Each structure stands twice: as C-alpha cells, then as structure tokens.
Amino acid sequence: MSAATRNLPIGKAICEALAQEMAHDPKVMVFGEDVGALGGVFGTTQGLLEQFGPQRVFDTPISEAGFIGAAVGLATSGMKPVVELMFVDFVGVCLNSIYNLAAKNCYFSGGSMPVPMVIMTAVGGGFGDAGQHSQCLYATFGHLPGLKIVIPSTAHDAKGLLISAIRDPNPVVFMFHKALQGMGWLTTPASSIVDVPRESYTVPIGKGKIVRSGTDLTIVTLGATVHVAIEAAGQLAHEGISAEIIDVRTIAPLDRQLIIDSVRRTGRLVAADEDYHSYGVSAEIIASACEDDAVRWQAAPVRISYPDVPPPFAPEMERHLLPSAERIRAAARRCMGRSA
C-alpha cells in the first residue's frame, strides 16, 4: 500500500463527503435523528457538529413527517439540506412529503422550482432487526418519477456519489446498506473498504460499472449484494464459469445500456438484489435486457431477491431468505445448463 492510499469504510467516506461539501457550499446543512452529538447511528456524521456548529448540523425530534417536510421547504427556498431518515422502513410516515412534494415540485412548477435535497437512509437486513428495520425498498423509491436513487457498494463510490447527489438540483435518495458501513458491531466485507482520494470528486449518477469481467454470463446487482456476487463469481471460476459482474450503483436512472451490452456478449443473465421479489429491481433489469432484440439468449434469465414477506426477527430465518453466494452460484450453474 502506497503512502497516498487510504482505505476507508463507507461510513467514513460519507462523513468526509458531507464535510467537504459543507465547507464548499454554505447552503448545505445536515439534520435528522441523532446526527449531531452522536455523529449518526451508523457513523455518517461524526465530527460535523463540532466543525460546522448547531445551525448547520442538528438533531430533530422523532418526527419523520416533520423534518422531511422541513427539508423539502428548505430546498425549495434555496438551501441544500441533507436529511437522514435513520431506517428506510420509516418512510411510511413521511412518504407524502417525498413523492407528492419533493419528487413532483419540479414538474408542478414547470422546472422553475428545483428541490436540491438528499435523503440519506440505511437499508438492508442480516442483523436480526425484524420487519421494522431490515427492508431495502429499492423499487418503492425507484418507481416514483422525479427521484434519483443511489445505492453505493464501495467507499470510493459512496463519497463520489454523495457529492454528486448534493450538487444535483433534483431530490436524491442515497441508500447505504448497514452491512457496508464499517461499524464495529456490523460485519463489513473487505471488498467494500477501498481507497478513497482525499480531494473532492464526483461519481456520475446513472452510470453503472463492471466490477468483474467475464464471458459466460452476466450478474447484475447493487449495494451489499455486489460483494455476495463477487464471492459467488470466485466460486464459479473454480468450476470453469466466467461471470461478469455489474454494479448498477443507481437504479434511477438505471444504466440499461451497460446491462444490455454485457448480456449481448454473454447471452445469460442473473439479476440479484435484496429487495422484495415482485415488481422489483431485478425484474426491471431483466425486462430491460429482454426488450433488446439484439440479445441472443443462451438461457432464460434468473432473478434472485427477497421473498414477498416482511423480514423475520429470528436470525436463522432471515439469513435463509437473503441473497447468498450459494443462491447466485446455483442460478448461474442453471443458466449454464448444469445441475444446481
């Protein structure tokens, strides 16, 4: 490792992005539950209160409807609020402000009233937090016109995408998976902790990336499931199966062309995500590829997702339902015409 290399977890990368954008633009402010003195439940705002003061970093009452609504008002008034919805599961009590106001104001105003706000929220299961704190709800947000949806899988992408989100004139939902935060009480895959430049930089919203090149089949995924797919691809390589992995990074906009180009080369597709199975991101990925008449399918596409049931509290039950390397490997082997 060179002296210039800094490997950071996503939580610290998010915090650095916020600090740099707050220093760069006095209109940027951060608020939500426990983002002040505590520094965020998942470490996303550590040190910001001391650096920027209580006028720009402050805790809110436990009223998501109130502080998300306030963020919409501040954004339409010229500020750039970054508001933390502690768990995405809490969206039910503030959805009106998100999809009827933030997402639609630009359309309702003929483009004259942008809403430059970011909603940061924790997603994902695997920690026995039950149905109140373990969902992803990717497709719930991706289905709403006017929102941009960002889901990073590495610290490098988290910093660059968050800076892009803060500078975007549109409302952006920035979803960080609990399993990737780098907190001591969470299991964080090493492949998510990567080199993060000290300087400010952006990663474009709407552009996916090829994480691993391959020739036999394409695995398209996002967030924490990227690292599950990397594990599966390593196992498949020992079986002589070359898997290409695409991290979409954002689902709205979705980089459909990157997916299509890959599937044109491989003729096989496994789509994997941690959201609910029906009407989900994996279904949209498969539909996007199927609509391209240049794809010459070698096998029917397969989707791996979460069953249409709320996450259970029992860890053994929850782990059984989550996407796993074994489930991805079995799907890939089926696409290759081998027994699972």
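The values are calculated or read from the model by the stated rules, or taken from the named source; none is laboratory data. The shown structure was predicted, so the numbers you read here are calculated from the model rather than taken from an experiment. Glycine gets a Cβ as well: all are built from the backbone with ideal geometry, and neighbour counts include every protein chain shown.
For the reader, a short list of remarks on this structure follows.
- From 110, 39, residue being over 20 Å from the mean Cα position of the chain (by Cα), farther than 26 Å from residue 142 by Cα and outside any helix (DSSP H, G or I): 39
- Answer residue from segment 279-305, given it is under 21 Å from residue 325 (Cα atoms) and small (Gly, Ala, Ser) and is surrounded by the most Cβ atoms within 10 Å (Cβ to Cβ) among those: 282
- Candidates are the residues of segment 150-209 that are of a type in the set (Asp, Glu) and more than 11 Å from the chain's Cα centre (by Cα); the one that is nearest to residue 79 (Cα to Cα) is 168.
- Across segment 185-215, the qualifying residues are those that are among the β-branched types (Val, Ile, Thr) and in a strand (DSSP E or B), and the one among them that is surrounded by the fewest Cβ atoms within 10 Å (Cβ to Cβ) is 210.
- In segment 171-184, the residues that are surrounded by fewer than 20 Cβ atoms within 10 Å (Cβ to Cβ) and more than 14 Å from residue 14 (Cα to Cα): 184
- Residue 49 assigned to a helix (DSSP H, G or I) and either touching a Ser or Thr at 6+ places or on another chain (Cβ under 8 Å) or free of Cβ contacts under 8 Å to residues at least 40 places away in the same chain (or both): yes
- Among the residues of segment 97-107, just one is among the small types (Gly, Ala, Ser) and either outside the structural domain of residue 179 (by TED's automatic domain parsing) or over 20 Å from the mean Cα position of the chain (by Cα) (or both), namely 97.
- So residue 138, is it at pLDDT 95 or above and surrounded by fewer than 20 Cβ atoms within 10 Å (Cβ to Cβ): no
- Residue within segment 171-184 that is touching a residue at least 60 places away in the same chain (Cβ under 8 Å), assigned by TED's automatic domain parsing to the domain that holds residue 91, part of a loop (DSSP other than H, G, I, E, B) and farther than 22 Å from residue 43 by Cα present: yes
- Single residue of segment 113-125 satisfying the filter (assigned to a loop (DSSP other than H, G, I, E, B) and under 16 Å from the mean Cα position of the chain (by Cα)) that is surrounded by the fewest Cβ atoms within 10 Å (Cβ to Cβ): 125
- Failed item, numbered, when residue 107 is tested on (1) surrounded by fewer than 21 Cβ atoms within 10 Å (Cβ to Cβ); (2) out of contact with any helix residue (DSSP H, G or I) (no Cβ under 6 Å at 6 or more places or on another chain); (3) modelled with pLDDT of 95 or more; (4) more than 18 Å from residue 162 (Cα to Cα): (3)
- Of all residues in segment 216-237 being small (Gly, Ala, Ser) and outside any helix (DSSP H, G or I), the one that is farthest from the chain's Cα centre (by Cα): 224
- Those residues of segment 90-131 which are in contact (Cβ under 8 Å) with a residue 40 or more places away in the chain and farther than 24 Å from residue 30 by Cα, in sequence order: 125, 126, 127, 128, 129, 130, 131
- Evaluated against (1) touching a strand residue (DSSP E or B) at 6+ places or on another chain (Cβ under 7 Å); (2) crowded, with 19+ Cβ neighbours inside 10 Å, residue 34 falls short on exactly one condition, (2).
- Matching residues in segment 204-217 - criterion: being farther than 17 Å from residue 251 by Cα and free of Cβ contacts under 8 Å to residues at least 60 places away in the same chain: 212, 213, 214, 215
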